[in-house]
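Comments concern the structure below.
The values are calculated or read from the model by the stated rules, or taken from the named source; none is laboratory data. Just so we're clear, the structure is a prediction, and the values are computed from it rather than from any experiment. Note: ideal-geometry Cβ built from the backbone for every residue, glycine included; neighbour counts use all protein chains shown. Note: accessible area is taken over every heavy atom of the protein model, side chains too, but ligands, DNA and RNA are not part of it. Shrake-Rupley method; radii C 1.70, N 1.55, O 1.52, S 1.80 Å.
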Amino acid sequence: MTKPALTLYLAAPRGFCAGVDRAIKIVELAIDKWGAPVYVRHEIVHNKFVVDALRDKGAVFVEELSECPDDRPVIFSAHGVPKSVPHAAEVRNMVYVDATCPLVSKVHIEAQRHSDNGLQMIMIGHAGHPETIGTMGQLPDGEVLLVETVDDVAKVQVRDAQKLAFVTQTTLSVDDTADIVAALHVRFPAIVGPHKEDICYATTNRQEAVKAMAPHCDAMLVVGAPNSSNSQRLVEVGRKAGCGYAQLVMRATNIDWRALDGIRSVGVTAGASAPELLVNEVIDAFEQRYDLRVERVETASENVEFKVPRVLREPA
Ligand code: SF4
């Protein structure tokens, strides 16, 4: 039987970013240095496949520091942690390594600096996401006001409209955030913020590639986890950019083939925490069913690399 023809547009860049790469390396190096088990507070990055692979090597994933014993090392995830977490580890004399992405740490520093200068902080982010909790937790409870939407901007109650600054989560939709930032500037003309926002290079680049690809695609699949903020944003960006069917899939076995019936083109990308192996698995699954032509849609090239902390570069 002849297979139907299909063009698969493959987004570039896609998948792992420098912060995720570094966080995974930190866990692997910590296990090499101190032996198993090494505790990891929260999923090191939001991907089950990555977490399971590290668990097999000797990582133990917990949600709270209180679940870790005093005498084993603990790693804090790439999303960042409130200041109270390293403080609690120090009180217990624990060995800890902070795998917070340096681009998230930069936002933490910004928030602290504005607060030191007497400005009240507003954070644009998603309630309950670990990065939002970590960034808000750089300052005492109640000091950072969270806004998630343009509507929230109209409702937020501030101490002094002349003394305000904002930061953002790094993995938001570039376009939606621009609307929220614009609303903040209209309501609070004196508000201080980063030049654009704090959305990182990896989030921005992956969204740009999706925007370029989506109008050509009958369907689009984003390889990523449901709790991965940047992956969810890629699905939304794909839909807004004109692709009628954009879906998140954790791996090839999640593809709803019936929903793809009759398509002539499909776009494939991956969130910043999804390994390339899972993308290849998806491409292979299409190859089995279609006469496939793969076309790369490259909108940027990346060469960002972050060093692992010094303690892991030194012998045990
Ligand atoms: Fe860092 Fe951006 Fe990757 Fe998050 S998505 S880990 S902020 S580079």
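Looking only at residues of segment 98-139 that are among the acidic types (Asp, Glu) and more than 14 Å from the chain's Cα centre (by Cα), we find that the one that is farthest from Phe166 (Cα to Cα) is Asp98. Among the residues examined, Arg251 does not qualify as more than 30 Å from Val38 (Cα to Cα) and at pLDDT 95 or above. Taking first residues from segment 13-25 that are more than 24 Å from Gly58 (Cα to Cα) and partners that are open to solvent by 20 Å² or more (accessible area, probe 1.4 Å) and more than 8 Å from the ligand (Cβ to nearest atom), the Cβ contacts under 7 Å between residues at least 6 apart in sequence or on separate chains come to Pro13/Asn205; Pro13/Ala300; Pro13/Glu302; Gly15/Glu276. Could you go through segment 65-78 and let me know if any residue there is open to solvent by 30 Å² or more (accessible area, probe 1.4 Å), part of a helix (DSSP H, G or I) and farther than 21 Å from Leu312 by Cβ. Within segment 65-78 (the criterion being open to solvent by 30 Å² or more (accessible area, probe 1.4 Å), part of a helix (DSSP H, G or I) and farther than 21 Å from Leu312 by Cβ), the answer is yes, since at least one residue qualifies. Ala18 passes every criterion in (1) surrounded by 22 or more Cβ atoms within 10 Å (Cβ to Cβ); (2) within 13 Å of the ligand (Cβ to nearest atom); (3) among the aliphatic types (A, V, I, L, M) apart from (1).
Pairs are defined by a Cβ separation below 6 Å, a sequence spacing of at least 6 or placement on different chains, a first member in segment 302-313 that is within 15 Å of Pro73 (Cα to Cα), and a second member that is away from the ligand (no atom under 15 Å from the Cβ); the pairs so defined are Pro309/Val97; Leu312/Leu29. Could you list, in sequence order, the residues of segment 80-100 that are open to solvent by 20 Å² or more (accessible area, probe 1.4 Å), over 13 Å from Gln138 (Cα atoms) and either within 16 Å of the ligand (Cβ to nearest atom) or in a loop (DSSP other than H, G, I, E, B) (or both)? Those that are open to solvent by 20 Å² or more (accessible area, probe 1.4 Å), over 13 Å from Gln138 (Cα atoms) and either within 16 Å of the ligand (Cβ to nearest atom) or in a loop (DSSP other than H, G, I, E, B) (or both): Arg92, Asn93, Val95, Asp98.
For segment 37-44, check the following and say yes or no: at least one residue is assigned to a helix (DSSP H, G or I) and within 24 Å of Pro315 (Cα to Cα). The answer is no, given that none of the residues of segment 37-44 is assigned to a helix (DSSP H, G or I) and within 24 Å of Pro315 (Cα to Cα). Looking only at segment 47-63, decide whether some residue is within 30 Å of Ile263 (Cα to Cα) and either within 16 Å of the ligand (Cβ to nearest atom) or assigned to a loop (DSSP other than H, G, I, E, B) (or both). The answer is yes, given that some residue of segment 47-63 is within 30 Å of Ile263 (Cα to Cα) and either within 16 Å of the ligand (Cβ to nearest atom) or assigned to a loop (DSSP other than H, G, I, E, B) (or both).
Counting the residues of segment 34-64 that are within 24 Å of Pro140 (Cα to Cα) and buried (at least 16 other Cβ atoms within 10 Å of the Cβ) gives 2. Among the residues of segment 139-161, is any within 22 Å of His42 (Cα to Cα), at pLDDT 95 or above, within 16 Å of the ligand (Cβ to nearest atom) and touching a Ser or Thr at 6+ places or on another chain (Cβ under 7 Å)? No, segment 139-161 has no match at all.
Please work out if Phe61 is closer than 16 Å to Ile133 by Cβ, touching a strand residue (DSSP E or B) at 6+ places or on another chain (Cβ under 8 Å) and free of Cβ contacts under 8 Å to residues at least 60 places away in the same chain. The answer is no for Phe61.
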